[in-house]
Amino acid sequence: MKNYTVLSRVRDFRDLKELSEEDTQTLISEIRDYIIDVTSKNGGHIGPSLGVVELTVALLKVFNPEVDRIVWDIGHQAYSWKILTGRKEQFRTLRQYKGISGFLKRKESPYDHFGAGHSSTSISAALGMRKAKDLSGKEGWTVAVIGDGAMTAGQAFEGLNHAGWLDPDRFIVILNDNQISISPNVGALYTYFNRIITNEVFQKSRQKLKDIIKTVFGESGAKIARKLEEYIKGLFAPGVIFEELGFTYVGTIDGHNLAELEKTLENVKKMRGPIIVHVLTQKGKGYVPAEENPTPFHGISPFDKITGVPIKKVGAPPSWSKVFGRALVELAERDSRIVAITPAMKEGSGLTEFAEKFPDRFFDVGIAEQHAATFAAGLAAEGMKPVLSYYSTFLQRGYDQVIHDIALQGLPVVIAIDRAGLVGEDGPTHHGVYDISFLRAVPDIVISAPKDRQELRNLLYTALNSDKVFAIRYPRGSAVGEETGGFEEITIGSWEVVDEGKELAILAVGKYVSRALEVKKILKKKGLNPTVVNARFIRPFDEELLKELLSGHHYVITMEDGALNGGFGSAVAEYIMDSRLSNELLRFGIPDRFIQHGKINQLEEELGLLPQHISEKIRAFVSKPDYKAAG
């Protein structure tokens, strides 16, 4: 770490109150510089974290994280929180193998009160903590910090609705509005009105008046008085919806004015009932490239600190996401019924070009995975051809809708599953290793995985012409192979023998087809010559070819970038068992534990999934008939 003037001598949040106003402002600038420096090397969610440095300092000065509970939604806003809660030196290892996580993590620090990598959970979690404190008689406040984007998800409003009903004291929701999507109106009138709302005299008088009205006129009178209050506040403030849900609304607050933040939070602590504080911040604050172009800096790979330009390998192949996006554009040019839906992942899913060319047929529904699935089902019910693009980890949130609204009704929706398998530095909250297991349980669904770029194009073409619920899963990173152009329909359920061998058959899924070929090269030097099969359909699979393979190959190996429990290897094992066959099976995939963060090759080395490891295990398996270890 650099020799910062103030940050170097601040151990943690306990030192904040000892700093002068000038030193505190210097600290804020130095924290921003430290975040920029580390993320330029490691990558990460720089934009959100740069926007909340003042808010973090204010929270740690007004509240005590040893007693109070601060729940950051998702946690990618919380880099400054990590720095100021005892992880200043460790922050250099952000998102690195065996380093600290890019998200909040309860096992990492007692001050990470609730971990999350998926959005919109903070209000529910903080409310649960609030009631637990009430029931056990514990002291302290509970505070949820949630971004305006996360407020588009249904769970956030479920939490707000329940909190309004429970009407807890010492419960605050801070709305970090970094897009000014709720209200752009900031000025003297709002500041003045906010001071009135948070003024202690006003609040005490307000509460006394409410008590008197309730005593004299009963509940109906109190409700009428509250409606009148909401109407008057609605003339000045943008928080009527929160008032209707039972919150006292305070806002808007300049999220980069530390004095105003501190004063507001101190005043809010004197108020009763659930409170929502609306704070306006700027994503990427203090770093010009991120301020001018916030979208790519939401989450970014390593970049040049001076220019802000991502550091990319020269001549790197296109990503799987780009191959998918380009193919979808080509197909949409031919068929006006094709539409694309994504829950706030337009850029990451490779759909930017589609959105530009077909704005009327592109739908970014916000962080609303459940709605996205049912919306796609509605489109399909009226004859459209919806392509529903999820990251694998976020598809988990729409699982019920995939079953109930899509599959059960047999509505032909194509589910494009990006970031399938290990994703690297984002870690266990984002690894896409469960989709095979949970989708395998859904009747009539097609689950596929391409071995290369052209096969992805062909599977997408097949899916859009199949009239079926059709999932295509593909990994993060550079795609392999070439695109020959055009499209070719693939027989659903068919596999492909890539390289003929004998006695030993390797059935590989998706990206592991190319790895299986690498393994074969190693094994051939040791006297083994396996048959390599591209098991591009996980469900339904090629029973005819599988029977043939099991008849001619005693040893069977499965390879997949998904969970072993309930995965593709499990499907093959079930088939062997149900058919009462004597073939011996060895499975490679993700074991039954949460995999931590790190570069993908580091994680695969740890799990024994690199070609050398796999070949060694296969040799041991073949030479010892009782060897039953999984990958």
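Considering each of G481, G485, G477 in turn, give the residue that is farther than 24 Å from F394 by Cβ and in contact (Cβ under 8 Å) with a residue 12 or more places away in the chain. I'd like the intermediate steps shown before the answer.
On the way: G485 fails: in contact (Cβ under 8 Å) with a residue 12 or more places away in the chain; G477 fails: farther than 24 Å from F394 by Cβ.
Result: G481 is the single residue among G481, G485, G477 that is farther than 24 Å from F394 by Cβ and in contact (Cβ under 8 Å) with a residue 12 or more places away in the chain.
Considering every residue within the range 340-363, establish whether at least one is part of a strand (DSSP E or B), free of Cβ contacts under 8 Å to residues at least 40 places away in the same chain and touching a helix residue (DSSP H, G or I) at 6+ places or on another chain (Cβ under 8 Å).
Of the residues in the range 340-363, the ones part of a strand (DSSP E or B) are 340-342, 362-363.
Next, only the ones that are free of Cβ contacts under 8 Å to residues at least 40 places away in the same chain stay: 362-363.
Imposing the further condition that a residue be touching a helix residue (DSSP H, G or I) at 6+ places or on another chain (Cβ under 8 Å) reduces the set to 362-363.
The answer is yes; a qualifying residue exists.
Among the residues of the range 492-502, which ones are over 33 Å from the mean Cα position of the chain (by Cα) and within 22 Å of W320 (Cα to Cα)? Walk me through how you get there before you give the answer.
Residues of the range 492-502 over 33 Å from the mean Cα position of the chain (by Cα): 496-502.
E496, V498, listed by residue number.
Assuming I436 fulfils every condition listed in (1) farther than 21 Å from K322 by Cβ; (2) aliphatic (A, V, I, L, M); (3) in contact with a His (Cβ under 6 Å, 6 or more places away or on another chain) apart from one, which condition is it?
Looking at each condition in turn, I436 falls short on (3).
Counting residues that are more than 27 Å from L351 (Cα to Cα) and of a type in the set (S, T, N, Q), which helices (runs of 4 or more DSSP H) fully inside the range 232-321 reach at least 1? Full working, then the answer.
Values: elements: 240-244, 258-268, 288-292.
Helices (runs of 4 or more DSSP H) meeting the threshold: 258-268.
Scan the range 334-350 and tell me whether some residue there is closer than 28 Å to G481 by Cβ, touching a strand residue (DSSP E or B) at 6+ places or on another chain (Cβ under 8 Å) and among the hydroxyl-bearing types (S, T, Y).
Among the residues of the range 334-350, at least one is closer than 28 Å to G481 by Cβ, touching a strand residue (DSSP E or B) at 6+ places or on another chain (Cβ under 8 Å) and among the hydroxyl-bearing types (S, T, Y), which makes the answer yes.
Any residue in the range 488-495 that is touching a Leu at 6+ places or on another chain (Cβ under 7 Å) and under 24 Å from N458 (Cβ atoms)?
Our first condition is that a residue be touching a Leu at 6+ places or on another chain (Cβ under 7 Å); within the range 488-495, this holds for 490, 495.
In the following step, the residues that additionally are under 24 Å from N458 (Cβ atoms) were identified as 490, 495.
Yes: one or more hits.
Does the range 6-25 contain at least one residue that is touching a helix residue (DSSP H, G or I) at 6+ places or on another chain (Cβ under 6 Å), within 17 Å of A144 (Cα to Cα) and at pLDDT 95 or above?
No: the range 6-25 contains no residue that is touching a helix residue (DSSP H, G or I) at 6+ places or on another chain (Cβ under 6 Å), within 17 Å of A144 (Cα to Cα) and at pLDDT 95 or above.
Go through the range 399-431 and count every residue that is of a type outside the set (A, V, I, L, M), over 21 Å from H298 (Cα atoms) and crowded, with 19+ Cβ neighbours inside 10 Å.
Taking the range 399-431 first, the residues of a type outside the set (A, V, I, L, M) are 399-401, 404-405, 409-410, 412, 418-419, 421, 424-431.
With the extra rule that they be over 21 Å from H298 (Cα atoms), the set shrinks to 399-401, 404-405, 409-410, 412, 421.
With the extra rule that they be crowded, with 19+ Cβ neighbours inside 10 Å, the set shrinks to 401, 405, 412, 421.
So the count comes out to 4.
Residues that are among the aromatic types (F, W, Y) and surrounded by fewer than 20 Cβ atoms within 10 Å (Cβ to Cβ): does the range 620-628 have at least one?
Step one: of the range 620-628, the residues among the aromatic types (F, W, Y) are 621, 627.
Of the ones still in play, those that are also surrounded by fewer than 20 Cβ atoms within 10 Å (Cβ to Cβ) are 621, 627.
So far as the range 620-628 goes, yes, one or more of its residues are among the aromatic types (F, W, Y) and surrounded by fewer than 20 Cβ atoms within 10 Å (Cβ to Cβ).
Count, please, the residues in the range 365-385 that happen to be open to solvent by 20 Å² or more (accessible area, probe 1.4 Å), within 22 Å of S120 (Cβ to Cβ) and out of contact with any Ser or Thr (no Cβ under 8 Å at 6 or more places or on another chain).
We begin by selecting, within the range 365-385, every residue open to solvent by 20 Å² or more (accessible area, probe 1.4 Å); these are 365, 367, 370-371, 374-375, 378-379, 381-385.
Narrowing the set further to residues that are within 22 Å of S120 (Cβ to Cβ) leaves 365, 367, 370-371, 374-375.
Subset that is out of contact with any Ser or Thr (no Cβ under 8 Å at 6 or more places or on another chain): 370-371, 374-375.
Result for the range 365-385: 4.
Which one of these is surrounded by 19 or more Cβ atoms within 10 Å (Cβ to Cβ), of a type in the set (A, V, I, L, M) and more than 20 Å from the chain's Cα centre (by Cα): L328, L388?
Values: L388 fails: more than 20 Å from the chain's Cα centre (by Cα).
Just one listed residue meets the conditions, L328.
If you check Y34 against the conditions, is it among the aromatic types (F, W, Y), touching a helix residue (DSSP H, G or I) at 6+ places or on another chain (Cβ under 9 Å) and not in a loop (DSSP other than H, G, I, E, B)?
Numbers: among the aromatic types (F, W, Y): yes; touching a helix residue (DSSP H, G or I) at 6+ places or on another chain (Cβ under 9 Å): yes; not in a loop (DSSP other than H, G, I, E, B): yes.
Considered against the rule, which asks whether it is among the aromatic types (F, W, Y), touching a helix residue (DSSP H, G or I) at 6+ places or on another chain (Cβ under 9 Å) and not in a loop (DSSP other than H, G, I, E, B), Y34 comes out as yes.
Restricting to the range 376-408, give me the number of residues that are assigned to a helix (DSSP H, G or I) and either touching a strand residue (DSSP E or B) at 6+ places or on another chain (Cβ under 6 Å) or within 23 Å of Y434 (Cα to Cα) (or both). I'd like the intermediate steps shown before the answer.
Initially, the range 376-408 is screened for residues assigned to a helix (DSSP H, G or I), giving 376-381, 392-407.
Still in the list and also either touching a strand residue (DSSP E or B) at 6+ places or on another chain (Cβ under 6 Å) or within 23 Å of Y434 (Cα to Cα) (or both): 376-377, 379-380, 392-407.
Within the range 376-408, residues that are assigned to a helix (DSSP H, G or I) and either touching a strand residue (DSSP E or B) at 6+ places or on another chain (Cβ under 6 Å) or within 23 Å of Y434 (Cα to Cα) (or both) number 20.
Given the conditions (1) without any contact (Cβ under 8 Å) to a residue 60 or more places away in the chain; (2) under 23 Å from K105 (Cα atoms); (3) touching a His at 6+ places or on another chain (Cβ under 8 Å), report the number of the one that I595 does not fulfil.
Among (1) without any contact (Cβ under 8 Å) to a residue 60 or more places away in the chain; (2) under 23 Å from K105 (Cα atoms); (3) touching a His at 6+ places or on another chain (Cβ under 8 Å), I595 violates only (1).
Looking only at residues in the range 63-84 that are β-branched (V, I, T) and open to solvent by less than 10 Å² (accessible area, probe 1.4 Å), which one is nearest to the chain's Cα centre (by Cα)?
Restricting attention to the range 63-84, the residues satisfying the condition of being β-branched (V, I, T) are 67, 70-71, 74, 83.
Among the residues that remain, those that are also open to solvent by less than 10 Å² (accessible area, probe 1.4 Å) are: 70-71, 83.
On the way: I70: 20, V71: 17, I83: 22 Å.
Looking at residues that are β-branched (V, I, T) and open to solvent by less than 10 Å² (accessible area, probe 1.4 Å), I get V71.
Hey, can you tell me all the residues within the range 129-165 that are open to solvent by less than 60 Å² (accessible area, probe 1.4 Å), under 12 Å from G246 (Cα atoms) and of a type in the set (A, V, I, L, M, F, W, C)?
L160, A163, listed by residue number.
For the range 432-465, which residues satisfy the criterion of being open to solvent by 10 Å² or more (accessible area, probe 1.4 Å), under 30 Å from L104 (Cα atoms) and not in a helix (DSSP H, G or I)?
Within the range 432-465, Y434 is the sole residue that qualifies.
Considering only the range 281-298, I want to know if a residue exists there that is within 28 Å of S124 (Cβ to Cβ) and open to solvent by less than 20 Å² (accessible area, probe 1.4 Å).
Scanning the range 281-298, I find at least one residue that is within 28 Å of S124 (Cβ to Cβ) and open to solvent by less than 20 Å² (accessible area, probe 1.4 Å), so the answer is yes.
Considering D15, D23, D68, D33, which residue is in contact (Cβ under 8 Å) with a residue 12 or more places away in the chain and under 24 Å from V268 (Cα atoms)? Break it down stepwise before answering.
Numbers: D15 fails: in contact (Cβ under 8 Å) with a residue 12 or more places away in the chain; D23 fails: under 24 Å from V268 (Cα atoms); D33 fails: under 24 Å from V268 (Cα atoms).
Within the list D15, D23, D68, D33, the selection yields D68.
Return only the number of the condition from (1) more than 15 Å from D33 (Cβ to Cβ); (2) in contact with a Pro (Cβ under 7 Å, 6 or more places away or on another chain) that G308 does not satisfy.
(1)
Taking helices (runs of 4 or more DSSP H) that do not extend beyond the range 50-140, which have at least 1 residues that are small (G, A, S), at pLDDT 95 or above and more than 26 Å from A153 (Cα to Cα)?
Details: elements: 53-62, 79-84, 122-136.
It comes to 53-62, 122-136.
Checking H404 against (1) in contact with a helix residue (DSSP H, G or I) (Cβ under 8 Å, 6 or more places away or on another chain); (2) more than 29 Å from G43 (Cα to Cα): exactly one of these is not met. Which one?
(1)
Given the structure, is I123 over 14 Å from F13 (Cβ atoms), buried (at least 24 other Cβ atoms within 10 Å of the Cβ) and not aromatic (F, W, Y)? So that I can check it myself, show each step before the final result.
Details: over 14 Å from F13 (Cβ atoms): yes; buried (at least 24 other Cβ atoms within 10 Å of the Cβ): yes; not aromatic (F, W, Y): yes.
It is true that I123 is over 14 Å from F13 (Cβ atoms), buried (at least 24 other Cβ atoms within 10 Å of the Cβ) and not aromatic (F, W, Y).
The values are calculated or read from the model by the stated rules, or taken from the named source; none is laboratory data. Note that this is a predicted model, so its numbers are computed, not measured. So basically every Cβ, Gly included, is an ideal-geometry build from the backbone, and we count neighbours across all protein chains shown. We work out accessible area using only protein heavy atoms, side chains counted, and drop any ligands, DNA or RNA first. Shrake-Rupley method; radii C 1.70, N 1.55, O 1.52, S 1.80 Å.
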